[in-house]
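Asks: Pasting a structure below so you can have a look.
The values are calculated or read from the model by the stated rules, or taken from the named source; none is laboratory data. Note that the coordinates shown come from a computational prediction; the quantities given were computed from them, not determined experimentally. Cβ coordinates were reconstructed from backbone atoms using ideal geometry, including for glycine residues, and neighbour counts include every protein chain displayed. Just the protein is used for accessible areas: all its heavy atoms, side chains included, with ligands, DNA and RNA removed. Shrake-Rupley method; radii C 1.70, N 1.55, O 1.52, S 1.80 Å.
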Amino acid sequence: PNLAVIDCGGDAPADRIAISHLLSLGVPDIDALVLTHAHSDHANGAEYLMKAVSTKAVYMPATDRENATFIDIADSAGKECNTVFVGEDTIIELEGMEIKLLTLPLGSDENENGLVVLVCDGEYELLITGDIATSNEKLVIDRIPDCESYIVGHHGSKTSSSQALLNRALPELSVISVGEGNSYGHPSSQAIKRIQNIGSEIRRTDTEGTMTFYSREKEEQAR
């Protein structure tokens, strides 16, 4: 089956978590590595990943293609890996699944110079907004459908996950990827309240650790 990894970062040893997970599953290669933006907690592990697991293509936002992090990733990708700087809305076609990359206009920092990702597996749709703020969320709302799941923007920051975005996406499940006791105070009570307003189930990595979610019943996947 095709395999994609979306974001891969953090300081050691976090930057190697994705690699360890993939190797434990016996994954020989991945078809697509998508980096929503250049911040270290989203992109630092990319070079390690590409050295450990054969990677067919890496996708990064064209608005930040001169970023030193992205330049290093592109340089280390090698001839066998297709490096794509995404400058317009793009669809990655995988076996039974689509990954839609939604672009944003040039902004003033890495959070704004990012990609919004929509994973579509049959009737299941997963929304990943990276670290974009509410001002950028407004720019993609009309390109977002109802979603089953949502990786909560900017780790639950109060400046992301606007009520307008949530009312549009209406995710049944909202997953907050956040470090326990982080210095930023994420997730914020404001973001949590907005998510609760739409009746979405909230799951958090700081209280539950690493989690695995399935877009289909396991029995169906095994067929």
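Asks: Give me the net charge of Glu112's neighbourhood, meaning all other residues with Cβ under 14 Å from the Cβ of Glu112; Lys, Arg count +1, Asp, Glu -1.
Replies: -4
Asks: So what is the accessible area of the range 163-211 per residue, in Å², with the probe set to 1.4 Å? Each step should come with its number before you reach the end.
Replies: Numbers: 2780 Å² over 49 residues.
Computed with neighbouring chains in place, this is 57 Å² per residue.
Asks: Check which residues have an amide H placed less than 5 Å from Ser188's amide H, if you skip close sequence neighbours.
Replies: The answer is Ser157, Lys158.
Asks: Shifting gears a bit: Among 47-58, 16-27, how do they line up from the highest to the lowest mean number of other beta-carbon atoms within 10 Å?
Replies: Values: 47-58: 17.8, 16-27: 13.9.
Per-residue Cβ counts within 10 Å, averaged per peptide and sorted highest first, yield 47-58, 16-27.
Asks: OK, next. With +1 on each Lys and Arg Cβ and -1 on each Asp and Glu Cβ, how big is the dipole of the range 6-123 about its Cα centre, in debye rounded to the nearest 20?
Replies: Once rounded to the nearest 20, the dipole reads 340 debye.
Asks: Here's another thing I want to ask about it. Compute and list, largest first, the equivalent-ellipsoid semi-axes of the range 68-152 from the alpha carbon gyration tensor, each √(5λ) rounded to a whole angstrom.
Replies: Here the semi-axes work out to 23, 19, 10 Å.
Asks: Ignoring ligands, DNA and RNA, what percent of the accessible area of the range 79-186 is carbon or sulfur (1.4 Å)?
Replies: Ligands and nucleic acids excluded, carbon and sulfur reach 49 percent.
Asks: When the Cα atoms of the range 38-103 are enclosed in a convex hull and the volume is divided per residue, what value in Å³ results? Let's see the in-between values first.
Replies: On the way: hull volume 6.5 nm³, N = 66.
For the range 38-103, the hull spanned by Cα atoms encloses 98 Å³ per residue.
Asks: With an 8 Å cut-off on Cα pairs and a minimum separation of 6 or more residues, tell me the relative contact order of the chain in percent.
Replies: Worked out over the chain, it gives 12 percent.
Asks: Antiparallel DSSP bridges in the range 1-127: what percent, to the nearest 5?
Replies: Roughly 55 percent of the beta bridges in the range 1-127 run antiparallel, per DSSP.
Asks: Another question, then. In the chain, with Lys and Arg counted as +1 and Asp and Glu as -1 at Cβ, which of these residues, Ser174, Thr69, Gly114, has the Cα nearest the positive end of the dipole, that is, farthest along it?
Replies: Ser174
Asks: Along the charge dipole of the chain, Cβ charges K/R +1 and D/E -1, which of Ile128, Leu94, Ile195 sits furthest on the positive end?
Replies: After comparing all options, I get Ile195.
Asks: Percent of Cα-Cα pairs more than 16 Å apart in the range 1-91, please.
Replies: 48
Asks: Now a separate question. Normalising by the residue count of the range 132-180, find the relative contact order in percent from Cα pairs under 8 Å and 6+ residues apart.
Replies: Result for the range 132-180 is 47 percent.
Asks: Same structure again: Once the other residues with Cβ under 15 Å from the Cβ of Ser188 are scored (Lys, Arg +1; Asp, Glu -1), what is the net sum?
Replies: Value of the local net charge: +2.
Asks: Mind jotting down the three principal axis lengths of the range 164-220 based on Cα atoms? Whole angstrom, largest first.
Replies: So the three principal-axis extents are 41, 28, 13 Å.
Asks: Still on this structure, I have one more. Arranged from highest to lowest average of other beta-carbon atoms within 10 Å per residue, in what order do the peptides 78-84, 156-162 appear? All intermediate terms of the calculation are to be shown ahead of the outcome.
Replies: Numbers: 78-84: 12.7, 156-162: 22.0.
Top to bottom by mean Cβ count within 10 Å: 156-162, 78-84.
Asks: Right, something else. Could you derive backbone 3J(HN,Hα) for the range 148-161 from the dihedral phi with the Karplus parameters 6.51, -1.76 and 1.60 (θ = phi - 60°), listing whole Hz in sequence and x where the residue is Gly or Pro?
Replies: Here the 3J(HN,Hα) series is 6, 9, 9, 7, 4, x, 6, 6, x, 4, 5, 8, 10, 6 Hz.
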